[in-house]
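Comments concern the structure below.
The values are calculated or read from the model by the stated rules, or taken from the named source; none is laboratory data. Since the structure is predicted, the reported quantities are computational estimates derived from the model, not experimental observations. All Cβ positions, even for glycine, are placed from backbone atoms using ideal geometry, and neighbour counts span all protein chains on display. The accessibility values were calculated without ligands, DNA or RNA, using every heavy atom of the protein model including side chains. Shrake-Rupley method; radii C 1.70, N 1.55, O 1.52, S 1.80 Å.
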Amino acid sequence: MTYRNRVLQSLENCLDSLANQTLKEFKVILVDYGSVLNYERDLRELVTKYDFITLVRCEATQQLWCKSRAINIALKQCDTVCFFVGDIDMLYAPDFVETLETLKSETVTTYFQVGFLSEIESKEKKNFADYEINFKSNLEATGMTLYPTALLKAINGYDEYYNGWGSEDTDAHVRLRNGGHEVIFHTDSILMLHQWHPKHYRSANDLTPFHTELEQINASYLTYVKETGKVKANTNFKWGIYNQKDYEALNTIDQTYSITNKSAEFFAFVNAILLVDKDVVIKLDVKKHKDYRSQKQKVKSVLGKKTMTFLKFDDMNNRILDCMVNQLRGKAYKYQFNVKDESISLIVKL
């Protein structure tokens, strides 16, 4: 299971349902992928109540959310025949693990129909069978999946190209099918109930890395996975890797660069420094150019004279994060985009 900055009550309900399993022969790897300090502290305290949990902490607070990488970190540690990917907002039926035991296979992947609870029902404390289900998931909801461990590892796990939200679960299913493996949808019984929770919306002052087009890009990327028959992911990158020393190294900066949003400066930095330097920790600060939106530049433009070309900060934000996803995947970094002040800060170990 993967976690970042989520309400702990839902997680506690989830873990309690696992503690009440009729079959106790299982273990949970819970990957905290960059929760802020207060959530991290409370999470550490909570998991001490459960002896079946191994908590893995990744210092990815100022990185894009990458569920695929978090899952792969757990997958690399898995030494059992099967590997189940679950969410922290689920309630699991008492016979959940017992049923998985009957369904486990070294060749077939199984994913499960989920019952969704209403807000009111989610706040109730009931026996699993007594909850009133609001609606059920269909075969397109691919998140809750029991994989043959060796098979998932053979296709290099989840594709770590997917950052932000969406498509990574379906991608794994598609690549397994592309490789000729069977993936089935289990609807014989409801073994999981989804607890209602409010959707998280970014505030205007949120500095968490966010690419404005990433979800749409993920969806289009998945289309090509289907069309090309792709089987193995992460072929040009190591996958499921987390090196704590690389994150500690971010505290010692070797070189600082300061540029503006003048397009020439930005593209020169990306191509000469960001995508070239190796074995060094760099810090980048991007500020507004003094002539950005200036009256002087507007007058020149009206008169048809040569003007400087500038990039909007939203566009620079997306371009930098594109570099992190496409060329610098797996690198330790810290990133902030201050929309209000129009400034960008990046620290990365190249």
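Details
- Share of carbon and sulfur in the accessible heavy-atom surface of the chain [1.4 Å probe, %]: 50
- Each Cα pair under 8 Å and six or more residues apart adds its separation to the average, and for segment 1-56 the resulting relative contact order is 48 percent.
- Of the GluC sites (Glu not before Pro) found in segment 21-111, the ones in coil according to DSSP and having at most 14 other Cβ atoms within 10 Å of their Cβ are 25, 106.
- Between 108, 88, 56, the Cα set farthest toward the positive side of the dipole of the chain (charges on each charged residue's Cβ, about the Cα centre) is that of 56.
- Alpha-carbon Debye profile of segment 248-350, log10 I(q)/I(0) at 0.10, 0.18 Å⁻¹: -0.31, -0.85
- In degrees, nearest ten, helix 214-228 long axis to first principal axis of the chain (Cα): 70
- Segment 100-159, dipole about Cα centre (Lys/Arg Cβ +1, Asp/Glu Cβ -1), debye to the nearest 20: 140
- Once C-alpha pairs closer than 8 Å and six or more residues apart are averaged by separation and normalised to the residue number of segment 28-95, the relative contact order reads 38 percent.
- Relative contact order (%) - criterion: Cα under 8 Å, at least six apart; region: the chain: 18
- Only the Cβ atoms of Lys and Arg (+1) and of Asp and Glu (-1) were treated as charged; on that basis the dipole of the chain about its Cα centre amounts to roughly 2040 debye.
- The ellipsoid equivalent to the alpha-carbon distribution of the chain has semi-axes of 41, 22, 20 angstrom, derived from the gyration tensor eigenvalues as √(5λ) and listed largest first.
- The chain: calculated mean residue ellipticity at 222 nm from DSSP helix runs of at least 4, using -39500 (n - 2.57): -9000 deg cm²/dmol
- Alpha-carbon Debye profile of segment 190-301, log10 I(q)/I(0) at 0.15, 0.23 Å⁻¹: -1.20, -1.28
- Solvent-accessible area per residue, Å², over segment 1-86 with all protein chains present [probe radius 1.4 Å]: 43
- Of the three principal axes defined by the Cα atoms of segment 126-245, the extents in descending order read 49, 46, 34 Å.
- Per residue, segment 256-350 exposes an accessible area of 53 Å² to a 1.4 Å probe, with every protein chain left in place.
- Pairs of lysines in segment 288-343 whose Cα atoms sit within less than 19 Å of one another amount to 16, provided the residues are eight or more positions apart or on different chains.
- Total lysine pairs in segment 65-178 at Cα distances under 24 Å, for residues eight or more apart or on different chains: 11.
- Estimated translational diffusion coefficient (Stokes-Einstein, Kirkwood radius over Cα pairs, 10 °C, 1.306 mPa s) of segment 1-150: 97 µm² per second.
- Cβ crowding within 10 Å averaged over residues, with 160-172, 323-335, 215-227 ranked highest first: 160-172, 323-335, 215-227
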